[in-house]
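Notes follow once the structure below has been shown.
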Amino acid sequence: MIPGLSLALQPWAEISERLRRFPESKMSTQLRKPVLGVLGGMGGLASAEFVKTVYELSGEVSEQEQAGPVLVMYSDPAFPDRTAAFLRGETQPILTRLIDALELLDRMGASHFVICCMTIHYLLPQLPGALRERIISLPDVIFSEVESLKKKHLVIGSTGTIKLALLQQHPLLSQRRPQARPFQSCLVLVTIR
């Protein structure tokens, strides 16, 4: 199993346990809870929906709101269009901005990060290791879930996700003899054998 989260599929107790494995920040030490950093704004409603889902799922686990997760969010809708920049090979300005945003979340006490934009995951291999190892990769979560269910899945992605082949060229796909083929402009069929 990949060290990642699927907040839509796992109860908060398991998520909380996974976050405990990461280095503690000053804030998480004071609170005695892990702090999840959420980077959003690149599709502002996506990050808002993610945060809403976290709290809805934590409410299903415990009726006490105090038992819910601690998270901090930085939402910056001024991030430039990732798809256009990446397809032109202009990654550095967005990479710099991504690093700055993750470092801000780190200073806010985040022990781990979720980036609510699939396309920006294209830059993960270029991040400094100390930041990269604390990111819960959405493609890793997708493939972990697809693999665990052992059947075909239709994955709907943005134009950037498809054109940048974020799913088709994911390392987990190449390790397991799967098939991934794009069809139409926003769909990928993933089969893991």
* Which one is nearest to Ala84 (Cα to Cα), of the residues in the range 149-166 that are assigned to a helix (DSSP H, G or I) and touching a residue at least 24 places away in the same chain (Cβ under 8 Å)? -> Gly160
* Which residues, taken from the range 65-117, are over 26 Å from Leu164 (Cα atoms) and either assigned to a helix (DSSP H, G or I) or without any contact (Cβ under 8 Å) to a residue 12 or more places away in the chain (or both)? -> Glu65, Gln66, Ala67, Leu104, Leu105, Asp106, Arg107
* Asked: Scanning the range 63-95 for residues that are small (Gly, Ala, Ser) and loosely packed, with under 12 Cβ neighbours inside 10 Å, which turns out modelled with the lowest pLDDT?
  -> Ala78
* Asked: In the range 15-62, what residues are at pLDDT below 60 and closer than 25 Å to Leu95 by Cβ?
  -> Phe22, Pro23, Ser25
* Asked: Mind checking whether some residue in the range 131-143 is modelled with pLDDT of 80 or more, part of a strand (DSSP E or B) and among the aliphatic types (A, V, I, L, M)?
  -> yes
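The values are calculated or read from the model by the stated rules, or taken from the named source; none is laboratory data. Fair warning: this is a prediction, and the values are worked out from it, not measured in the lab. Counting neighbours? That spans all protein chains shown, and the Cβs are built from the backbone with ideal geometry, glycine included.
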